[in-house]
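Single-structure report; data block below.
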């Protein structure tokens, strides 16, 4: 099954804008973890960051996007 990729614009503290792609996928997790968790992949340029999150978060677009924004801002736009 193909994974649907989403895009968002993150406004950094210096008012610059960064376009970020993200998607959720659980194929790399163990069978036990897949029941409740998934991985959030955040892609910025050639860098990809992964975070384990609860599956229920993937259904809440605003919460998911907030996680992406916070991660990018926290890393100052450098995921690698």
Residue list for region 7-18, restricted to those being in contact (Cβ under 8 Å) with a residue 24 or more places away in the chain and surrounded by 11 or more Cβ atoms within 10 Å (Cβ to Cβ): 8, 10, 12, 18
Members of region 62-76 that are loosely packed, with under 14 Cβ neighbours inside 10 Å and touching a residue at least 40 places away in the same chain (Cβ under 8 Å): 76
Wholly enclosed helices (runs of 4 or more DSSP H) of the chain bearing at least 3 residues over 14 Å from the mean Cα position of the chain (by Cα): 31-34
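Any read-out appearing in this document is the output of simple, stated calculations on the displayed coordinates, not a laboratory observation. All of these numbers come straight from a predicted model, not from anything done at the bench. Don't worry about glycine lacking a Cβ; one is built from the backbone with ideal geometry, like all the others, and counts go over all protein chains shown.
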